[in-house]
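Heads up: the structure comes next, in structure tokens.
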Amino acid sequence: MKITVIYTYPNDSGYNHAVLEAVQRGFANNTHNHDVTLLDLYKENFDPVLRFDENHRRRDLAQDPETARYRQLITDSDLLVFIFPIWWAGMPALLKGFIDRIFVSGFAYKYKGLLPQGLLKGKKAWLITTHDTPKLFVNLFQQDYEKVLQRQVLKQMSGITTIKHHQLSFMRKSSLEKRAKFLKKIEEFARSL
């Protein structure tokens, strides 16, 4: 299976980097010999700014040579793994900009009448997120946490099915034991794929 890990976190000594390492260990110890590509949006210095002008028309974004490599990675992948923290009730701006520039009309979806038709059907996604909000508060009041990416971007617009969403809630009050248990869980899930 071809896998692309889309990692969006700027600190190599932070917990989200430990999450990335656990996922990589799990895939490395998997008996299926997956072909895994890491796409670290910060290290890539990915430009998240979407531009429209006479030289950059929205209808041409699916052929933009500047983003061709990223579209090819997604095209070639069977599984997309998203690793990121929830900031301000949503994904980091860099990841949002990546979606704005890569998951474009003519590549990720097209309109058939009033509704979008996903062009990336058959692909799977695994979401791994962390945040500082207590889980109960998220469930009652924060409706956006992973839902925009999972439901609107991936499923509705692109046709990608999310197979699993792992999230570690209330990071600032989580114990070392809870964090270690979460890392073990995601490493085992990666090993099982």
Per GNM of the chain with C-alpha springs under 10 angstrom, the most fluctuating residue out of Leu176, Leu20, Leu114 is Leu114
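Using the per-residue mean of other Cβ atoms lying within 10 Å as a proxy for protection, in what order, highest first, do the peptides 3-14, 75-86 fall?
75-86, 3-14
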Förster-model FRET efficiency, 30 Å R0, Lys173 and Arg25, C-beta, rounded to 0.05
0.70
Which of the GluC sites (Glu not before Pro) across segment 42-83 are loop residues per DSSP, with 11 or fewer other Cβ within 10 Å?
Glu54
Taking H placed 1.01 Å from N in the peptide plane, check which residues at least 5 places from Tyr42 or on another chain put their amide H under 5 Å from its amide H.
Tyr9
Cα-Cα over 28 Å, subset of Lys43/Lys110; Lys124/Lys185; Lys2/Lys135
Lys43/Lys110; Lys2/Lys135
Looking at the square roots a ≥ b ≥ c of the eigenvalues of the Cα gyration tensor of segment 1-97, which shape do they give, rounded for a/c under 1.5, prolate if a/b is larger than b/c, or oblate?
oblate
Once you sort the root eigenvalues of the Cα gyration tensor of segment 55-109 as a ≥ b ≥ c, which label holds: rounded (a/c under 1.5), prolate (a/b larger than b/c) or oblate (the other case)?
oblate
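List the longest stretch of the chain that has no exposed loop site; here a site is one of the trypsin sites (Lys or Arg not before Pro) assigned by DSSP to anything other than H, G, I, E or B, with at most 16 other Cβ within 10 Å. Spell out each step's value before the answer.
On the way: sites that count: Lys43, Arg51, Arg57, Lys121.
So the longest stretch without any such site is 122-193.
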Rg/Rh over Cα atoms for segment 2-192, Kirkwood Rh, comes to 0.97
Any idea how far apart Asp100 and Ala180 come out in nm if each label point goes 7 Å out from Cα toward Cβ?
4.2 nm
Inter-label distance for Phe52 and Leu115, nm, one decimal - labels placed 7 Å from Cα along Cα-to-Cβ
2.5 nm
Hey, what number do you get for the chain at 222 nm if only DSSP H runs of n ≥ 4 count, each worth -39500 (n - 2.57), divided across all residues, to the nearest 500?
-9000 deg cm²/dmol
If you average the sequence gap of Cα pairs under 8 Å that are 6 or more apart and divide by the length of segment 2-192, what percent do you get for the contact order?
28 percent
What full-extension length gain, to one decimal in nm, is calculated for Ala93 and Ser192 as 0.36 nm per residue of separation minus the Cα-Cα distance?
32.5 nm
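Coordinate-derived values only; no laboratory data. These numbers were taken from a predicted model, which means no experiment stands behind them. Heads up, the Cβs are rebuilt from the backbone with ideal geometry, glycines too, and the neighbour counts pull from every protein chain shown.
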